[in-house]
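A.B. asks: Quick one: the structure is below, and I'll ask about it shortly.
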Amino acid sequence: MDNMMMFLSPEMLRNRYQIYAQMRSMQPVMHLEDYGLWLAFGYDDVKYILSDYTNFSSDYSRMGTTGGNLAQAQIQQTAGGNLGTSLISTDPPRHRQLRDLVSRAFTPRAVANLEARIVRLTHQMLDAVIAQGEIDLIGDLAYPLPVVVISEMLGVPPEDRDQFKRWSDLVVASADNFLPGDTISAADLADQVEANHQMQAYFHRILQERRAAPQDDLVSGLIAAEIDGQKLSEDDILAFCMLLLVAGNVTTTNLIGNGVLALLEHPEESARLAAHPELWPAAIEEVLRYQSPVQAMFRIAARDSELGGQKVREGDRMLAWIGSANRDEKKFPEPDRFDIGRDPNPHIAFGFGIHYCLGAPLARLEARLVLPIIFDRLTGLQRKDHEPLEITKGIILHGVTSLPLVFAPGEPKVIEK
Ligand code: HEM
């Protein structure tokens, strides 16, 4: 099989950790010349690629279309077009400027303020299924929850939330088509482009409303943010709002889903947690390492350089395998063991360096609140059957598309909605 196709195959997705381990021992840096693509699997190389922005740029517009496909080019120009200028795809000095400005609004306090709301939403979502003793953990909770949290944070009014979620689903889907070989139908592409336009128009309206009457939400904070007379333009704010949807939703879904699955697959570790609830924060860090929700990130070589003793050429694409770095035996003793007390645990699931995940405190907060509630309320929680689970499409994100579980039926908790 063509090397690239091997990395896109369902087989790879199912056996990813075995394949990573083979790559780390045999070919930790792999050059796929035909695609102008490099794959890096070792912890140090992955960290280096993610953080050395002088050699490796995040400006995805430099990727061009060589070796890619038409859909990718179209998406960059249309559906996900405005992501091209967002925080995650800029380099310094522009990146520093944007990050400082958005950090004025996306503060630890703004995140901590969401705590009570996240707890309540979780209980409501569990209340809807608790009497029937069955849940699809993804569809009923892990997927909708982060979308609602982000829409509330942004200030999307409750009556617009369903519409917002539909757009958000389509925008998220548009970010999944990044690799050569990925295909997307013309109809799906048209839907994504349309959703993107509608959502931009929607945010444009919210922005105008907040300019006229600021509220206590993220959009108002982004409008007000100013450093040395510099402010965010309307395009910057739109791009950032769209980025939050793409970067913050399915990633958090995967963290919650992968966390529940890892704990069900390791009953001894669940028992340890039940006896020592103070281990929850460490357990969540271990889920992030053991089943990293984001398995890889791209960079583009900004100039000629060297990697693993080989010559990298300007314009080459770099794929840094975070999921492999987090299982590197040189860094983590017994890397394939799920150990909720692992200490130290220097995983790089949220990236490393200047692009380190801005939403990490929010993702951690959601997981720390939601996971204990799930295990506390759903007594005797277990897989509904032992059918193989469907894995999410694409190689960047890592999770399951649905996770049917059963438990002993219980009583609803939150009465009023
Ligand atoms: C478990 C959940 C999450 C994981 C595993 C994750 C992972 C990552 C990773 C690996 C990066 C680095 C990208 C790079 O180096 O190019 C990143 C960046 C980013 N993430 Fe997250 N993320 C998660 C949740 C969130 C949430 C909840 C939000 C916001 C609501 C968010 C917003 C962002 C933003 C804005 C960036 C770009 C930062 C920059 O370029 O300076 N993420 N994330």
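A.B. asks: Arrange Val102, Val119 by Cβ neighbour counts within 10 Å, fewest through most, would you? Intermediate values should be presented prior to the final figure.
C.D. replies: On the way: Val102 23, Val119 14.
Fewest to most other Cβ atoms nearby, the residues stand as Val119, Val102.
A.B. asks: Using the per-residue mean of other Cβ atoms lying within 10 Å as a proxy for protection, in what order, highest first, do the peptides 217-223, 327-333, 40-46 fall?
C.D. replies: Values: 217-223: 20.6, 327-333: 16.7, 40-46: 23.6.
Result, highest mean first: 40-46, 217-223, 327-333.
A.B. asks: Express in nm, to one decimal, how much length is gained between Glu411 and Asp235 on full extension, taking 0.36 nm for each residue of separation and deducting their alpha carbon distance.
C.D. replies: Fully extending the segment from Glu411 to Asp235 adds 58.7 nm.
A.B. asks: So what's the projected area for the range 201-359, the Cα convex hull averaged over all directions, in nm²?
C.D. replies: On the way: hull surface 55.6 nm².
Mean projected area of the Cα convex hull: 13.9 nm².
A.B. asks: Can you quote the Å³ per residue value for the convex hull of the Cα atoms in the range 295-417, rounded to an integer?
C.D. replies: In the range 295-417, the Cα convex hull volume per residue is 193 Å³.
A.B. asks: Please work out the C-alpha center-to-center distance from the range 311-366 to the range 382-407 and express it in whole Å.
C.D. replies: When both Cα centres are located, 22 Å separates them.
A.B. asks: Which of Thr54, Val147, Ile19 sits farthest toward the positive end of the charge dipole of the range 3-406, with +1 on the Cβ of Lys and Arg and -1 on the Cβ of Asp and Glu?
C.D. replies: Thr54
A.B. asks: Moving to a separate point now. Calculate the radius of gyration of the Cα atoms of the range 121-170 to one decimal place, then report Dmax, the largest Cα-Cα distance, as a whole number, both in Å.
C.D. replies: Spelled out, the Cα radius of gyration and Dmax of the range 121-170 are 11.8, 34 Å.
A.B. asks: Among Pro372, Leu405, Gln382, which residue has its Cα furthest toward the positive end of the charge dipole of the range 311-417, with +1 on Lys/Arg Cβ and -1 on Asp/Glu Cβ?
C.D. replies: So the residue furthest toward the plus end is Pro372.
A.B. asks: Of all the C-alpha pairs in the range 3-406, what % are more than 32 Å from each other?
C.D. replies: 35 percent
A.B. asks: Here's another thing I want to ask about it. Among Ala187, Leu244, Phe164, flag the residue with its Cα farthest along the positive direction of the charge dipole of the range 3-406, charges on Cβ as +1 for Lys/Arg and -1 for Asp/Glu.
C.D. replies: Farthest along the dipole direction, towards plus: Leu244.
A.B. asks: If each DSSP helix of 4+ residues adds -39,500 (n - 2.57) and the sum is divided by the residues in the chain, what number results at 222 nm, nearest 500 deg cm²/dmol?
C.D. replies: That calculation yields -15000 deg cm²/dmol at 222 nm.
A.B. asks: When only C-alpha pairs under 8 Å and at least 6 residues apart count, what is the relative contact order of the chain, in percent?
C.D. replies: 27 percent
A.B. asks: Per the Debye formula with a single identical scatterer at each Cα and no solvent contribution, what log10 I(q)/I(0) holds for the range 102-226 at q = 0.14, 0.21 Å⁻¹?
C.D. replies: Rounded to two decimals, the profile gives -0.79, -1.24.
A.B. asks: For the chain, give the magnitude of the charge dipole about the Cα centre (Cβ charges: +1 Lys/Arg, -1 Asp/Glu; no others), in debye to the nearest 20.
C.D. replies: Once rounded to the nearest 20, the dipole reads 600 debye.
A.B. asks: Say R0 is 22 Å: what FRET efficiency, to the nearest 0.05, do Ala112 and Arg211 get from their beta-carbon distance?
C.D. replies: 0.25
A.B. asks: Modelling each spin label as a point 7 Å along the Cα-to-Cβ direction, I'd like the Glu194/Asp336 distance in nm, to one decimal.
C.D. replies: 4.7 nm
A.B. asks: For Glu387 and Met12, calculate 0.36 nm times their separation in residues minus their Cα-Cα distance, and state this gained length in nm to one decimal.
C.D. replies: 133.1 nm
A.B. asks: On a straight-distance basis, which lysines could pair with Lys413 in a cross-link, Cα separation under 25 angstrom, same-chain partners fewer than 8 positions away excluded?
C.D. replies: Lys384
A.B. asks: Stretch Ala275-Glu159 to full length: gain in nm at 0.36 nm per residue minus the Cα-Cα span?
C.D. replies: In short, 37.5 nm is gained.
A.B. asks: Going 7 Å from the Cα of Glu33 in the Cα-to-Cβ direction, what parts of the range 294-317 have a backbone nitrogen less than 15 Å from that spot?
C.D. replies: Correct set: 310-313.
A.B. asks: Between the range 209-229 and the range 17-64, what is the C-alpha centre distance in whole Å?
C.D. replies: 39 Å
Every read-out reported here was derived from the displayed coordinates using simple, explicitly stated rules and does not represent laboratory data. Everything quoted here is computed from the prediction, not taken from an experiment. So basically every Cβ, Gly included, is an ideal-geometry build from the backbone, and we count neighbours across all protein chains shown.
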